[in-house]
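Comments concern the structure below.
Nothing in this text is a laboratory measurement; each read-out follows from the coordinates by a stated rule. None of the values given here were measured: they were computed from a predicted structure. Ideal geometry is used to build each Cβ from the backbone, glycine not excepted, and the neighbour counts take in all protein chains shown.
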């Protein structure tokens, strides 16, 4: 597929997403209150976009991912947040080390 | 156009969805066992679910001219309860000879916990002992990369399963190369809000080739699209992929992988 074809096919869709992204950031800025780890990760991931190298999608995904390698002591929730929470992960790891946990049963 | 839907949770879908999929060219649907949206209270709940997957759902699909296959397991979202997992694992061999059972799946990790990994390894052991194919769920969002690495390490460490008999599903741009480089098959799941869009799936086909790759909708009780595979096929055609290349990705590839099960019959 030639570059002109890519632009013909996807420019309007990408334009709409770009404006949605800008509007989301404006909405967050306008709202009173504080941000959490997700917005910090989001703003960090945005830094990958202007870097003029291939694999932007991969680098954005990597920047939002848990970079650790050891299994968690236990699953305390079923859901994912969309960004890695380093503070929460450190707390879980400390708790697991303190308990010296073997795999535990959470029900019954 | 013909296609195989290699991952769809039809117990959560309507007969209208079956009709739409058959109309769009679907030839067969493969349904992995998954989380019901709530934790089952006992192994009996799984027994009934496995009966639904192996008895009732094939009959429902057949009314629309569709073959229906399934995969069996306890999903990772219920794997923190290792006692329940043991009871469910003990049930599975009773169902493996049923004519529509393809293998063990969708096993995997959710939050990458020790218990989840232990239950994953037990499923791998079950598959190895019974000569079954495996379909693997990789975790969501920020947990996907770590979970994919943990499971690839566990499979390599076990060593009994040929990588060509394992499909690792829900790959994205940051995990697909890990999976393919290790010799496994990779599945791309087309979701409206997470996982992978049709455009990104086509990107990955163009970058990584289509040798051991398939696409699925993983439609279930959440936000999902039963016609995501034919929609992605259209996306590929608009980008200049040939009809033959599309057929390879959405029909021949899943047929090639699934034909490793004695129960899969190509239509």
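Miscellaneous remarks
- Residue exposure sequence - B:155, B:227, B:72 - by fewest surrounding Cβ within 10 Å: B:227, B:155, B:72
- Placing a label point 7 Å from the Cα of residue A:1 along the Cα-to-Cβ direction, the residues of region B:203-217 with a backbone N closer than 19 Å are B:203-211, B:213-216.
- Fewest-first sequence of A:10, B:18, B:47 by Cβ atoms within 10 Å of each Cβ: A:10, B:47, B:18
- For the residues of B:109-120, the average number of beta carbons from a partner chain within 10 Å of their own beta carbon is 6.
- From helices alone, chain B scores -11500 deg cm²/dmol at 222 nm; the rule is -39500 (n - 2.57) for each run of n ≥ 4 DSSP H residues, then divide by the residue total.
- The mean count of C-beta atoms from other chains within 10 Å of the C-beta of residues in B:133-141, rounded to a whole number, is 2.
- In terms of its C-alpha gyration tensor, region B:1-106 comes out prolate, because a/c is 1.5 or above and the ratio a/b outweighs b/c.
- Here B:104, A:7, B:136 are placed in order of increasing Cβ neighbour count within 10 Å, fewest first, which gives A:7, B:104, B:136.
- Taken as Cα centroids, region B:118-132 and region B:1-55 sit 22 Å apart, rounded to the nearest whole angstrom.
- Peptides B:217-224, B:176-183, A:28-35 ranked from most to least packed, by the mean per-residue count of other Cβ atoms within 10 Å: B:217-224, B:176-183, A:28-35.
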